[in-house]
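I have placed the structure first, in the form of structure tokens, so that the comments after it can refer back to it.
The values are calculated or read from the model by the stated rules, or taken from the named source; none is laboratory data. Predicted model only: the values in this text are computed from it and were never measured. Here the Cβ positions follow ideal geometry from the backbone for every residue, glycine too, while neighbour counts run over all protein chains shown. Accessible surface is based on the protein model in full, side chains and every heavy atom, while ligands, DNA and RNA are left aside. Shrake-Rupley method; radii C 1.70, N 1.55, O 1.52, S 1.80 Å.
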Amino acid sequence: MRCGKMAAAPPPVAAAGAAAAAGAASGWGGVRRRCQRLLYWVPVLFISSILCWSYYAYVTQLCLLTMTNIGEKVVCLVAYHIFFMLFVWSYWKTIFTLPMNPSKEFHLSYSDKESLQREPRGESQQEVLRRAAKDLPIYTRTMSGAIRYCDRCHLVKPDRCHHCSVCDKCILKMDHHCPWVNNCVGFSNYKFFLLFLAYSLLYCLFIAATDLQYFIKFWTNGLPDTQAKFHIMFLFFAAAMFSVSLSSLFGYHCWLVSKNKSTLEVFRAPIFRHRTDKNGFSLGFSKNLRQVFGDEKKYWLLPVFSSLGDGCSFPTCLVNQDPEQASTPGGLNSTSKNESLLFPAKPLRDSQSHLLTDTQSWSDISAKAEKGKIGMSNPALTMENET
């Protein structure tokens, strides 16, 4: 009996050891995640330090200690602080504006999630996704024609929504994850990101233009031999270097806005129910611009949210033909010109469950699509993981 008791002792000890090992592993994983979060802020701290140094170099060393003309000092200081304020404001908004996630209507219910986990891939899962997506304003599909489903967030992805591996969330109208702002650039802060690029470019160009004459004097020995001349030299080099990189990046995103595309959509064109269309969301230059900046022009140059829509649904040229659009994809009849001129009849955020304000056109298109699927297999309802 005593031997039996001795033999029964090891299992609890082994279980305790396994639990301790698991606790240590989870503790180490938590430490590693915290270290990663801190490292993500390094690029932001780098930009902030450059900005603080540039403020000291321009205001103190250039304007106050080097410039001799009082009028030049006043004009440069006033203009500089305007650009500086707009730059910092837009940069702050880009960093600290939380990315928007899909609304609750796109999340699967608890019973649907259990069904997906319990049933094998096949018709049963297709039925779950069909039930979840039937009333949602979803037009895009995966490359294989499947409904875009995220198995990490357990939701049906809205159009233009993607899962960010860094944030580990689905982001509405995701453009990219930017390490320089330690945030995802998407529907909620894309306008702020554009203004950040614009004002940082103007900030650098202004510094380079006003510092140029003193930079030339540095090489011609026209400046007194003080520490100010080294700040003036490096200030010009930094401003010129950042101006070149920012001008190309800002120009690229201006092109994206004019075409109503995101960075991800440039590399992978959106796939609609009938075919791939790289210009499927483009409604013409003026409407594309208003979708990002809004209808009220007084807010266009300010980093305040004014974008149209709710981020979950977007008008497309497939169902809302615009006269500025070159052609209509096959398989769908274009609406009348009077209908297209009504966009946007109201901000899309007022109607989160409808892609268009015309509910009847949505119903008609859905009915035609369902009618065409009778007696055919339906690969569009196959679940597929996609970023």
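Can we say V181 is farther than 25 Å from Y58 by Cβ and at pLDDT 95 or above? First the steps, then the outcome.
Values: farther than 25 Å from Y58 by Cβ: no; at pLDDT 95 or above: yes.
Here the answer is no, as V181 does not meet what is asked.
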Which of the residues belonging to segment 206-237 are open to solvent by less than 90 Å² (accessible area, probe 1.4 Å) and within 30 Å of T94 (Cβ to Cβ)?
F206, I207, A208, A209, T210, D211, L212, H231, I232, L235, F236
Out of (1) out of contact with any Leu (no Cβ under 7 Å at 6 or more places or on another chain); (2) under 27 Å from L38 (Cβ atoms); (3) at pLDDT 95 or above, the odd one out for H162 is which?
(1)
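Being surrounded by fewer than 17 Cβ atoms within 10 Å (Cβ to Cβ) and assigned to a loop (DSSP other than H, G, I, E, B) is the filter here, so list the residues in segment 274-283 that pass it.
First pass over segment 274-283, keeping only residues surrounded by fewer than 17 Cβ atoms within 10 Å (Cβ to Cβ): 274-276, 278.
Once the filter is applied, which keeps residues that are surrounded by fewer than 17 Cβ atoms within 10 Å (Cβ to Cβ) and assigned to a loop (DSSP other than H, G, I, E, B), segment 274-283 yields H274, R275, K278.
Before we move on, is K191 assigned to a helix (DSSP H, G or I), closer than 24 Å to P137 by Cβ and among the basic types (K, R)?
Numbers: assigned to a helix (DSSP H, G or I): yes; closer than 24 Å to P137 by Cβ: yes; among the basic types (K, R): yes.
So K191 fits the description; yes.
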Within segment 111-160, residues of a type in the set (S, T, Y) and over 24 Å from I171 (Cβ atoms) come out as S111, S115, S124
Go through segment 101-150 and give me each residue that's of a type in the set (A, V, I, L, M, F, W, C) and open to solvent by less than 40 Å² (accessible area, probe 1.4 Å).
F106, L108, L116, V128, L129, A132, A133, L136, I138, A146, I147, C150
Of all residues in segment 82-98, count the ones that are open to solvent by 70 Å² or more (accessible area, probe 1.4 Å) and either assigned to a helix (DSSP H, G or I) or in contact with a Ser or Thr (Cβ under 6 Å, 6 or more places away or on another chain) (or both).
5
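Conditions (1) touching a residue at least 40 places away in the same chain (Cβ under 8 Å); (2) in a loop (DSSP other than H, G, I, E, B); (3) within 29 Å of the chain's Cα centre (by Cα); (4) closer than 27 Å to K278 by Cα, marked per residue:
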site	(1), (2), (3), (4)
M100	yes, yes, yes, yes
K113	yes, no, yes, no
Q117	no, no, no, no
S124	no, no, no, no
V128	no, no, no, no
D135	yes, yes, yes, yes
I138	no, yes, yes, yes
M143	yes, yes, yes, yes
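Among residues belonging to segment 238-273 that are among the β-branched types (V, I, T) and either open to solvent by 70 Å² or more (accessible area, probe 1.4 Å) or free of Cβ contacts under 8 Å to residues at least 40 places away in the same chain (or both), point out the one that is farthest from Q291 (Cα to Cα). Write out each step before concluding.
Of segment 238-273, the ones among the β-branched types (V, I, T) are 244, 257, 263, 266, 271.
So of that shortlist, the ones also either open to solvent by 70 Å² or more (accessible area, probe 1.4 Å) or free of Cβ contacts under 8 Å to residues at least 40 places away in the same chain (or both) come out as 244, 266.
Values: V244: 28, V266: 18 Å.
Of everything passing the filter in segment 238-273, V244 is farthest from Q291 (Cα to Cα).
Working only within segment 60-71, note down all residues that are surrounded by fewer than 13 Cβ atoms within 10 Å (Cβ to Cβ) and either assigned to a helix (DSSP H, G or I) or under 21 Å from the mean Cα position of the chain (by Cα) (or both).
The first filter runs over segment 60-71 and keeps only residues surrounded by fewer than 13 Cβ atoms within 10 Å (Cβ to Cβ), leaving 64, 68-71.
The answer is L64, I70, G71.
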